[in-house]
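Bear in mind that the values in this text are calculations on the coordinates, not laboratory data. All figures in this text were calculated on a predicted structure; none of them were measured in a lab. Here the Cβ positions follow ideal geometry from the backbone for every residue, glycine too, while neighbour counts run over all protein chains shown.
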Amino acid sequence: MIPGARLVLFGRQGAGKGTQCVRLSRHYVVPHISTGDILRSAVREGTPLGQKAAEYMRAGDLLPDDIIVGIIDERLERDDTRTRGFVLDGFPRTVRQAEALLKVTSPRGIDLCINLDVPREIVLRRLAGRRVCTDCGTNYSLEEPPKYNATCDVCGGDVVLRDDDTEEAINRRLDLYELETAPLIALFEEWGLLAEVDGTGSLDDVTDRLVQEIDRRREL
Ligand code: AP5
């Protein structure tokens, strides 16, 4: 195990960021911080943040940068991330968020920002087949469903289609990716933090590629 890894996984919606971040967080024993999960939990609990987030999320729009940066700032303040590192899933997603992340994590900064590369036609297929546990957020797909109907293998919660996995919201999220998030590839390269990993193929193959790339970079 490499202690204290500080990682960012980004890429198109449906590239497998959430699924692979869960695996990386277990492998490196670091907290998995997903802005999407934090927001979905706020929506479920009906907090003021959740009430505001619900509309953006359903439409596939990005929440304003200051709200998201505030959430991450607060989360990275906790002791677990300071001592054990983290894997960020779904943040940063805009140039402003990336610049804020560097500030928040200064002086040590981030070890590696990995672009999990999956073409648009493949992510569209994956998202159409995705099913998610409403309680713990575990991902399933039509090819790999839960063992018992729509009941989560991990916690027994209901496994459903996500509210924002409608055709309209998926297309909106993918368009916003090209506009707001794709420019991060050049930015992270300029900062010397970029790694590109092929996100196609089986889940285990993708995890192996990610671990190889992270270990290789951290040994340099
Ligand atoms: P978020 O929850 O982050 O959703 P997303 O960006 O749309 O990403 P997804 O969860 O759709 O994709 P993923 O890459 O995690 O894929 P997954 O692992 O599920 O954000 C939701 C919303 O919150 C945003 O739209 C926005 O409104 C708001 N938000 C969040 N962060 C924000 C930010 N920073 N700024 C502003 N707003 C923000 O995999 C997809 C499916 O494919 C699953 O079914 C999985 O089982 C399957 N799969 C994965 N890998 C493979 C494989 N190798 N082979 C076959 N199937 C696979």
FRET efficiency (D205, L179; Cβ distance; R0 25 Å; to 0.05) is 0.25
Got a sec to turn the phi values of the stretch 150-166 into Karplus ³J(HN,Hα) couplings, 6.51 cos²θ - 1.76 cosθ + 1.60 with θ = phi - 60°, whole Hz, x for Gly and Pro? 9, 10, 5, 5, 7, 10, x, x, 7, 9, 9, 6, 5, 3, 9, 9, 8
Please report, in debye to the nearest 20, how large the charge dipole of the chain is about its Cα centre when each Lys and Arg carries +1 at its beta carbon and each Asp and Glu carries -1 there. 380 debye
Output row, site A186, 7 Å Cα→C-beta label point, backbone N cut-off 14 Å, window the stretch 58-99, residues 95
Please give the peptides 170-178, 93-101 ranked by average Cβ packing (other Cβ atoms within 10 Å per residue), highest first, as a rough proxy for protection. 93-101, 170-178
Quick check: net charge around L101, other residues with Cβ under 14 Å of its Cβ, Lys/Arg +1 and Asp/Glu -1? -2
Overall Cα dimensions of the chain - principal axes, largest extent first, Å: 46, 38, 33
Amide H of S141 versus every other amide H placed in the peptide plane: which residues, excluding those fewer than 5 positions away on the same chain, fall under 5 Å? R131
Could you please rank R26, R209, placing first whichever residue has the fewest other Cβ atoms within 10 Å of its Cβ? R26, R209
